[in-house]
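A short write-up of the structure that comes next.
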Amino acid sequence: MKIMIIGSMAFSKEMLSAKEELTDKGFTVWIPDDAQVHVDNPDLADDFKENFKHATETDIMWKCFDKVAKSDAVLALNYPKNNTEGYIGTSTRMEIALAYYFKKHLFLLNNFPSEEECRWAHEIKIMNPTVLDGSFEKLVSLLNS
């Protein structure tokens, strides 16, 4: 079972940790190729000029989309960010939509806001992801059943 972990690059440390935990459980796990770059340079995501240069030179969006397409399941790490519980940023929403299109198992680590709180939550709700309530064990159980 191949799992692609997605999320805000602000959660890069968490991506590395989740990859290790799920790999130890026997899964093949992918994360964005530049996760360590973002751990080493946590300001990169918010420095639009440098981030644009990095993203275009590495073609990171295409690489992430390709991993989503090749995966069996997609796990979005949607921790609180920007005063939003269950934050899902624009790039992550695009990856979720791609996973939905390719009929991948779609998981969110945490619940997401209501449509009243965040307009984008409506589209996420339509794609019917499985919410794991913060539990990787729930993911393991569901994927192994």
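The values are calculated or read from the model by the stated rules, or taken from the named source; none is laboratory data. Given the structure is predicted, the values throughout are model-derived calculations rather than measurements. Positions of Cβ are backbone-derived with ideal geometry, glycine not excepted, and every protein chain shown enters the neighbour counts.
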Exercise for the section: Considering every residue within segment 107-121, establish whether at least one is exposed (fewer than 15 other Cβ atoms within 10 Å of the Cβ) and either touching a residue at least 60 places away in the same chain (Cβ under 8 Å) or assigned to a helix (DSSP H, G or I) (or both). Expected result: no
Exercise for the section: Could you tell me whether segment 94-103 includes any residue that is farther than 18 Å from Asp33 by Cα, of a type in the set (D, E, K, R), modelled with pLDDT of 95 or more and touching a strand residue (DSSP E or B) at 6+ places or on another chain (Cβ under 9 Å)? Expected result: no
Practice task
Select from segment 21-35 the residues that are in contact with a Leu (Cβ under 7 Å, 6 or more places away or on another chain) and in a helix (DSSP H, G or I) and list them in ascending order.
Solution key: Ala35
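Every residue, every condition in (1) charged (D, E, K, R); (2) within 16 Å of Glu20 (Cα to Cα); (3) touching a residue at least 12 places away in the same chain (Cβ under 8 Å), yes or no:
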residue	(1), (2), (3)
His54	no, no, yes
Cys64	no, no, yes
Asp72	yes, no, yes
Ala76	no, yes, yes
Problem - Matching residues in segment 75-111 - criterion: being under 21 Å from Lys13 (Cβ atoms) and of a type in the set (Phe, Trp, Tyr) - result: Tyr79, Tyr87, Phe107
Fill in the blank from the handout: Within segment 122-145, residues being of a type outside the set (Val, Ile, Thr) and assigned to a helix (DSSP H, G or I) number 10
Problem - Subset of segment 51-99 (residues that are among the polar types (S, T, N, Q) and touching a helix residue (DSSP H, G or I) at 6+ places or on another chain (Cβ under 6 Å)) - result: Asn51
Exercise for the section: Spot the failing condition for Val37; the list is (1) under 30 Å from Leu142 (Cα atoms); (2) of a type in the set (A, V, I, L, M, F, W, C); (3) surrounded by fewer than 17 Cβ atoms within 10 Å (Cβ to Cβ), and only one is missed. Expected result: (1)
Exercise for the section: Residue by residue through segment 77-96, note down the ones that are in a helix (DSSP H, G or I), out of contact with any Gly (no Cβ under 8 Å at 6 or more places or on another chain), surrounded by 16 or more Cβ atoms within 10 Å (Cβ to Cβ) and not charged (D, E, K, R). Expected result: Ser91, Ile96
Exercise for the section: Being under 22 Å from Phe65 (Cβ atoms), surrounded by fewer than 19 Cβ atoms within 10 Å (Cβ to Cβ) and more than 13 Å from the chain's Cα centre (by Cα) is the filter here, so list the residues in segment 1-22 that pass it. Expected result: Met1, Lys2
Exercise for the section: Examine segment 57-75 for a residue that is more than 29 Å from Asn111 (Cβ to Cβ), exposed (fewer than 12 other Cβ atoms within 10 Å of the Cβ) and over 18 Å from the mean Cα position of the chain (by Cα), and state whether such a residue exists. Expected result: yes
